[in-house]
Structures are given as C-alpha cells and as structure tokens.
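The structure appears right after this line, and notes come after that.
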Amino acid sequence: MTHPKSFKTAPWDTAALGISSYEVPVPSAEALEMAMQLPGHYTVRVDPLASKQLLHDSGFYYCDTLIEPYCTEDRFVPFNDTDVSVSKDLALEPLLRICHGAFSHGRFHRDFNLSRAKADKRYDNWLSQLHGAGKVHGVLYRDELAGFIAADGNRLVLHALAESMRGLGLAKSLWTPLCKTLFASGHAEVSSSVSASNLAVVNLYARLGFSFRNPVDIYHRLT
C-alpha cells in the first residue's frame, strides 16, 4: 500500500526512527482512517482549541504543544557580555556531544512509543544536516564552547547549551550576539519554535523581549 497524496513524507524522521514517517496536514476522517491501516509513524498538528475527538478515536495521542517566540529589533532586550563570542568555524563532533540527549522536552522524547535512543538520533541527525548547510553557530563563553544555535534565515531552529553551562544564568547573554547579528543583517523579526513545557527556554525568550504566538498541539500515532 502506498501513502496517499494527503500525507507528506518525513524523510528525516524516517531515517532516525527506522520506520516510514508521515505528516498529516489535514486530519480528515479519510486521512486518519488511512493512517490506521498504513504502517508508519504519523504526526498531526492542530489548533489547541479544536476538538480532538476524531484524533482520539483514530488512535492518535498527545505529545506536545509548540509555541512561536518572536521579536522585533525595537522590542529586543540584549544582555551584552564581552566574555561571549560566536563562531561558525567549529567541527561537528563537539556540537554533537552537546546535542545528544539535550532535548528531553522534544515531542519525540515524549512519545512513549519511541525509544530515547531513536529520539536522540532524530536531533543528532538534524544538527548534522544544519551543520553541513553552514547554519550552526557555536556560542563560546570565555573561549569555551558553551552551546550552539542554528539559524535558518530569521528563525532559530535548533539550540542547546552544554550541560556544564546550564543553570548559571548565561543563556540570555549567549543568545544576544546572534539575535543582534540577525537584526543587523536586515531581518525585521527573529522567531523560533519551542515546547510550551520547556519553561527555562520560554522564560529565556521572555527576558530577551520576545512575545509568543501560534500555539499548536502535536499528536502522534504509531501504526
């Protein structure tokens, strides 16, 4: 059985999970019925206020709620620190050591049908892809690699801190240089996407002057 045109293949999820993976852009009764028959891992994104009855009836389960932080230059609150610098000239391996296991709030980690190893691999693969495309910025504190932030255009698409740097109140200073660079390069707005459950990151963006919009609930199904 081939996947219907109403499904979008998710090749990066497939590579990490080892099973065919799909996004269901429009969760119609017909599409959900097909998802119950065709083996694979499925993702549906829905308005938090929309009824989930049909999803539940079709075996889909809640995994996460994503929100979109966004900020314009006039509202941005920088935290400048001369001990912080940014570099794109970094090897992949030290970045992967920070990335591996850093995303416990991610929807793949919260999916009880997936192993943690596969969830970790999903983010490791994503970082490798972004690094190969030259989109990963290493953030250094006193010349020590403190974390990374990947930017795709004006969007901060993947970021993590080294374990030794967490809980020290440094993140707002580590995020500042790249945000300032994006604004200086002509972007009217900088945005991202974060789990609503990741309060440390939500509070980080709030302190930097970001507001939040476009909440979306994420549902999965494994067939």
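The values are calculated or read from the model by the stated rules, or taken from the named source; none is laboratory data. Because the structure is predicted, anything quoted here is derived from the model rather than measured. All Cβ positions, even for glycine, are placed from backbone atoms using ideal geometry, and neighbour counts span all protein chains on display. We work out accessible area using only protein heavy atoms, side chains counted, and drop any ligands, DNA or RNA first. Shrake-Rupley method; radii C 1.70, N 1.55, O 1.52, S 1.80 Å.
Of the trypsin sites (Lys or Arg not before Pro) found in region 1-109, those in coil by DSSP whose Cβ has at most 13 other Cβ atoms within 10 Å are LYS5, LYS88. Residue ranking by accessible heavy-atom surface, 1.4 Å probe, largest first, among ASP47, ASP64 comes out as ASP47, ASP64. This structure gives Rg and Dmax of the Cα atoms in Å, computed directly, and of (i) 18.6, 58; (ii) 16.5, 50; (iii) 15.8, 44 that value is listed as (i). Note on the chain: Lys pairs 8 or more places apart or on different chains, Cα atoms under 29 Å apart, count 19. Placing a pseudo-label 7 Å from each Cα along the Cα-to-Cβ vector at ILE19 and HIS56 gives an inter-label distance of 2.3 nm.
For region 92-191, applying the loop criterion from DSSP together with a ceiling of 15 other beta carbons within 10 Å to the chymotrypsin sites (Phe, Trp or Tyr not before Pro) yields PHE112.
With contributions of -39500 (n - 2.57) from each DSSP H run of at least four residues, the per-residue ellipticity at 222 nm computed over the chain stands at -9000 deg cm²/dmol.
Computed over region 64-139, the percent of Cα pairs more than 21 Å apart is 48.
The residues of the chain expose on average 49 square angstrom of accessible surface per residue, using a 1.4 Å probe on protein heavy atoms.
Residues with beta-carbon under 14 Å from that of GLY106, excluding GLY106: net charge, scoring Lys, Arg +1 and Asp, Glu -1? After counting each charged neighbour, the total is +1.
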